[in-house]
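Each remark here refers to the structure printed beneath this line.
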Amino acid sequence: MPGIGLFRLIYASRSRIGGEAAALASILAEARANTAVAGITGVLLHSPDGFAQVLEGSLAAVGATFERIQNDPRHGEVAVLEAGPADARLFAGRTMAAVDGTAASDLARPVAADPAALLALLHRLLAASSPAGGR
Amino acid sequence: MGTDPATADAMPTAEPADEAASLLAALEGPALLLEADGSLGLVTAEAARLLALEDDPPAGLGLPELLDRARLAPAARAAFDRLATPSGPDEARLTDAEGAAFAVRRVALPHRRLALLLRPEVEAPAVCPLARPDPLTGLADRTGFRAALTARLADSADQGLGLLMLDIDRFRIVNDTLGPQIGDRLLATLAARLRRALRGSDLAARLDGDEFAVVVADTSDPPELEGLARRLMDVLGRPYLIHGQPVTVGLSAGIARAPQDGRDADTLVRRAAMALHAAKAAGRGRCAAFTPEMQSRSETRRRMETDLRRAFALRQFALHYQPQVDVTCARLLGFEALLRWRHPALGPVSPALFVPLAEEIGLIAPIGAWVLMTACREAMRWPEPLFVGVNVSALQFEQGDLLAAVGEALRHSGLPAHRLEIEVTESALLTNPETTLATLGRLREQGVRIAMDDFGTGYSSLTRLQSFPFDKIKIDRSFVSGGRGVAEGRAIVRAITGLGTSLGMRTIAEGVETLEQLDAVRDEGCREVQGYLFGRPAPAEELDAVIARFAPSQRMPPCPESACSA
Ligand SMILES: Cc1cc2nc3c(=O)[nH]c(=O)nc-3n(C[C@H](O)[C@H](O)[C@H](O)COP(=O)(O)O)c2cc1C
């Protein structure tokens, strides 16, 4: 596996913070601050039930970030939906945008989601939440 | 460990200013905040303590000056300094002047500010001068672990402590399918997760291979230990990304407590291992705490193991033979040889108990060879064309040279190959289909007959029957006895018999004990039968009488005329 090319990973997980606002705020802050340094772009979708996240960047950066997230007790039942080399960033210019998926009924159980549907949903929600988004 | 190149253009630029403060608050603990110009914005009290700063550093101090005041080894000081450069590595492991280790990680904040997060790494090496780290994972190895556990047991007398043992379910499969490099990476990353998930006062070790242990300080409270075990199984069982490839493994855990389950390291380790063994036996992905029954069960097992070895050495085994009969004309076809062990104290021990044990301790191949030899020699005394059926275990295809054992038994006894029938179970065909089928093929070429035993119980499939030209299918007794429902049993007997007919294989119903059962299997088209109705397994000395009873001149009681129409 080449270490230089672009790599994308999508996972879904179940929340263990029960939609608590302060806990969520610190997760979002950490995600944004850390991923910026690592040159990672992506999106973090959250609902009271769970999370879904797209991480894109170098394999080393995505690997290190994903591993850090895996250690986090604030979520669990992590399922990798997609992992592999990518041609282009889908979320270029997004240093881990946060998206509230509470209203999206199909996200009640993100762990069971299929990656394509999840990606489509992420894009839709992103476009709706911040029209200025994207590069 | 992140060594990601920092890309300046990915830095967020227009974030709310108070986010830095809330971030630092969220990351309570030892941390430094560096302003965009490199000056110190904030040093938390924990960080000051960790760096052994004498008094509060004045605001506006530069990082180099701060580091001058800290008690750091020179190399550590330089590494720390490099962390403040956004293009450098974003994480480093350092030691202070006294040799205590801690990790520092850089986190970029809005407005080009940086946070340096400090994390002490208390691995308690002080308690344990012998602790050598395992080179792959950096955890203590078995020797170091034992020494550390002994030391801790000595000074934790009051609170007690917990010992967890964890191992990866089917790690060998990961290694075999993905390669040892991925396996090693997995072990190293798993170990890092383990270390992170523990408190500084707990001690983690890699005992060997994929087996890990944790000494949990200060508690022997069962719910607490079980909670920790479950948390570890959760975190370590989450997917790993290894060389870009997601890998997921499951874990099992065993728990032992001091002083309740043992006061010395060896006892405790043994008992945690017993609990782990029980967890795996109960189906993996589980956690079990040691119980005294595990001890007695394992003692029984060990005693049984010794006895079994002795029994084999002294040939305390015997073979009993059960007749197989063609019910259409009440003709005796041959006998199945059944292994018996009379334990000097316990009496007869069921093969269902001692055969798996013999398999586990590597005794099955020699026992199997003895069975073949004895059965063939005995069969030589029977009139032609009576045959003898001999069961072979799946492991005999792997551990022993079955072809050689059969060849030797036939040669020594002088029994013609066609009078020997080898019975294999479906599970034997499952474990290693290629070698098993190849061996069976060679045996069949030599004229030995092959029977499929206990058909219908395991993972029966038509393709398995088609994968080899079996001479005979033995229908499992559970379909005959009605144990699975009489109607269902009959339907299955009918299906298997039909299958056998179309594949050119004979079928025999096992476990026929009553006339009703005999009528039922016969009505479903089954010609051959084995069971108490036609004779219990009997020692070799009694077979002459059995053979005489079936001689053509004698009338067979349980053979109604209507049966002889097929
Ligand atoms: C759902 C979820 C998503 C997260 N996403 C990120 C992320 O994208 N980048 C990141 O650095 N941390 C992320 N975190 C936080 C990390 O798990 C971790 O807590 C944080 O990086 C601090 O790491 P540390 O414990 O090594 O200091 C996330 C946490 C959760 C629960």
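Taking A:Arg94 as the residue in question, decide whether it is within 13 Å of the chain's Cα centre (by Cα), among the basic types (Lys, Arg) and more than 10 Å from the ligand (Cβ to nearest atom). Spell out the reasoning first.
Numbers: within 13 Å of the chain's Cα centre (by Cα): yes; among the basic types (Lys, Arg): yes; more than 10 Å from the ligand (Cβ to nearest atom): yes.
Against the criterion (within 13 Å of the chain's Cα centre (by Cα), among the basic types (Lys, Arg) and more than 10 Å from the ligand (Cβ to nearest atom)), A:Arg94 qualifies.
Under 7 Å between Cβ atoms, at least 6 apart or on separate chains: pull out the pairs that start in segment A:43-62 with a residue that is more than 12 Å from A:Thr102 (Cβ to Cβ) and in contact (Cβ under 8 Å) with a residue 24 or more places away in the chain and end on any residue that is assigned to a helix (DSSP H, G or I) and near the ligand (Cβ under 9 Å from one of its atoms).
If the second residue must be assigned to a helix (DSSP H, G or I) and near the ligand (Cβ under 9 Å from one of its atoms), the pairs left are A:Leu44/A:Leu28; A:Leu44/A:Ala31; A:Leu55/A:Thr65; A:Leu55/A:Phe66.
Counting only residues that are within 11 Å of another protein chain (Cβ to nearest Cβ) and either within 14 Å of the ligand (Cβ to nearest atom) or over 24 Å from the mean Cα position of the chain (by Cα) (or both), how many does segment B:192-211 have? Spell out the reasoning first.
Step one: list which residues in segment B:192-211 are within 11 Å of another protein chain (Cβ to nearest Cβ), which gives B:192-197.
Adding the requirement that they be either within 14 Å of the ligand (Cβ to nearest atom) or over 24 Å from the mean Cα position of the chain (by Cα) (or both) leaves B:192-193, B:195-197.
Count: 5.
Would you confirm, using the coordinates I've provided, whether B:Ala409 is surrounded by 16 or more Cβ atoms within 10 Å (Cβ to Cβ) and assigned to a helix (DSSP H, G or I)?
The answer is yes for B:Ala409.
Return the residues of segment A:1-28 that are assigned to a loop (DSSP other than H, G, I, E, B) and touching a residue at least 24 places away in the same chain (Cβ under 8 Å); say none if nothing qualifies. Walk me through how you get there before you give the answer.
Quick first cut of segment A:1-28, residues assigned to a loop (DSSP other than H, G, I, E, B) only: A:1-5, A:16-20.
Matches in segment A:1-28: A:Met1, A:Pro2, A:Gly3, A:Ile4, A:Gly5, A:Arg16, A:Ile17, A:Gly18, A:Gly19.
Regarding B:Glu19, is this residue within 14 Å of chain A (Cβ to nearest Cβ), modelled with pLDDT under 75 and within 27 Å of A:Ala97 (Cα to Cα)? Quick ask: steps written out before the conclusion?
Values: within 14 Å of chain A (Cβ to nearest Cβ): yes; modelled with pLDDT under 75: yes; within 27 Å of A:Ala97 (Cα to Cα): yes.
When the stated conditions are applied, B:Glu19 passes them.
Would you confirm whether or not segment A:47-62 contains a residue that is open to solvent by 10 Å² or more (accessible area, probe 1.4 Å) and closer than 24 Å to B:Arg112 by Cα?
Within segment A:47-62, one or more residues are open to solvent by 10 Å² or more (accessible area, probe 1.4 Å) and closer than 24 Å to B:Arg112 by Cα.
Can you spot a residue in segment B:480-496 that is open to solvent by 40 Å² or more (accessible area, probe 1.4 Å), assigned by TED's automatic domain parsing to the domain that holds B:Arg411 and under 33 Å from the mean Cα position of the chain (by Cα)?
Taking segment B:480-496 first, the residues open to solvent by 40 Å² or more (accessible area, probe 1.4 Å) are B:481, B:483-484, B:486-488, B:490-492, B:494-495.
Filter once more, so that each one left must be assigned by TED's automatic domain parsing to the domain that holds B:Arg411: B:481, B:483-484, B:486-488, B:490-492, B:494-495.
From the residues that got through so far, the ones that are under 33 Å from the mean Cα position of the chain (by Cα) too are B:483-484.
Checking segment B:480-496: at least one residue is open to solvent by 40 Å² or more (accessible area, probe 1.4 Å), assigned by TED's automatic domain parsing to the domain that holds B:Arg411 and under 33 Å from the mean Cα position of the chain (by Cα).
Being in the same structural domain as B:Ser220 (by TED's automatic domain parsing) and open to solvent by 60 Å² or more (accessible area, probe 1.4 Å) is true for just one of B:Ala281, B:Ala313. Which residue is that?
Only one candidate qualifies: B:Ala281.
Residues that are in a helix (DSSP H, G or I) and more than 9 Å from the ligand (Cβ to nearest atom): does segment A:65-84 have at least one?
There is at least one residue in segment A:65-84 that is in a helix (DSSP H, G or I) and more than 9 Å from the ligand (Cβ to nearest atom).
Among residues belonging to segment A:85-105 that are within 14 Å of chain B (Cβ to nearest Cβ) and not in a loop (DSSP other than H, G, I, E, B), point out the one that is most open to solvent (accessible area, probe 1.4 Å).
A:Pro85
So for segment B:221-238 (the condition being assigned to a loop (DSSP other than H, G, I, E, B) and facing another protein chain (nearest Cβ under 10 Å)), does at least one residue qualify?
yes
Could you list, in sequence order, the residues of segment B:187-206 that are assigned to a helix (DSSP H, G or I) and open to solvent by less than 30 Å² (accessible area, probe 1.4 Å)?
Of all residues in segment B:187-206, those assigned to a helix (DSSP H, G or I) come to B:187-197.
Selection gives B:Leu187, B:Ala188, B:Thr189, B:Leu190, B:Ala191, B:Arg193, B:Leu194, B:Ala197.
Would you mind finding the one in B:Asp176, B:Asp184, B:Asp167 that is assigned to a strand (DSSP E or B) and within 21 Å of the chain's Cα centre (by Cα)?
Working: B:Asp176 fails: assigned to a strand (DSSP E or B); B:Asp184 fails: assigned to a strand (DSSP E or B).
Checking each option against the conditions leaves just B:Asp167.
Hand me the list of helices (runs of 4 or more DSSP H) wholly inside segment B:278-389 holding 1 or more residues that are in contact (Cβ under 8 Å) with a residue 60 or more places away in the chain.
B:364-379
For segment A:44-57, check the following and say yes or no: at least one residue is more than 8 Å from every other protein chain (Cβ to nearest Cβ), within 11 Å of the ligand (Cβ to nearest atom), among the aromatic types (Phe, Trp, Tyr) and over 28 Å from B:Gln181 (Cβ atoms).
Yes, that holds for at least one residue.
Does A:Glu20 fit the bill of being surrounded by fewer than 24 Cβ atoms within 10 Å (Cβ to Cβ) and under 26 Å from B:Val104 (Cα atoms)? Before you say what the answer is, go through the steps one by one.
On the way: surrounded by fewer than 24 Cβ atoms within 10 Å (Cβ to Cβ): yes; under 26 Å from B:Val104 (Cα atoms): no.
Considered against the rule, which asks whether it is surrounded by fewer than 24 Cβ atoms within 10 Å (Cβ to Cβ) and under 26 Å from B:Val104 (Cα atoms), A:Glu20 comes out as no.
Which number in (1) open to solvent by 10 Å² or more (accessible area, probe 1.4 Å); (2) under 34 Å from the mean Cα position of the chain (by Cα); (3) of a type in the set (Gly, Ala, Ser) marks the one condition that B:Ala428 misses?
The one condition B:Ala428 does not meet is (1).
Quick one: B:Val480 ticks every box in (1) touching a strand residue (DSSP E or B) at 6+ places or on another chain (Cβ under 8 Å); (2) closer than 21 Å to B:Val390 by Cα except a single one, so which number is it?
Every condition holds for B:Val480 apart from (2).
Among the residues of segment B:433-465, count how many are open to solvent by 50 Å² or more (accessible area, probe 1.4 Å), farther than 23 Å from B:Gly489 by Cβ and in contact with a helix residue (DSSP H, G or I) (Cβ under 7 Å, 6 or more places away or on another chain).
Result for segment B:433-465: 4.
With respect to A:Ala31, is the statement that it is open to solvent by less than 30 Å² (accessible area, probe 1.4 Å), within 10 Å of the ligand (Cβ to nearest atom), facing chain B (nearest Cβ under 7 Å) and touching a residue at least 24 places away in the same chain (Cβ under 8 Å) true?
No; evaluated as a whole, the condition is false for this residue.
The values are calculated or read from the model by the stated rules, or taken from the named source; none is laboratory data. In this text, all values refer to a predicted model and were calculated from it rather than measured experimentally. Cβ coordinates were reconstructed from backbone atoms using ideal geometry, including for glycine residues, and neighbour counts include every protein chain displayed. Note: areas computed on protein heavy atoms with side chains; ligands, DNA, RNA excluded. Shrake-Rupley method; radii C 1.70, N 1.55, O 1.52, S 1.80 Å.
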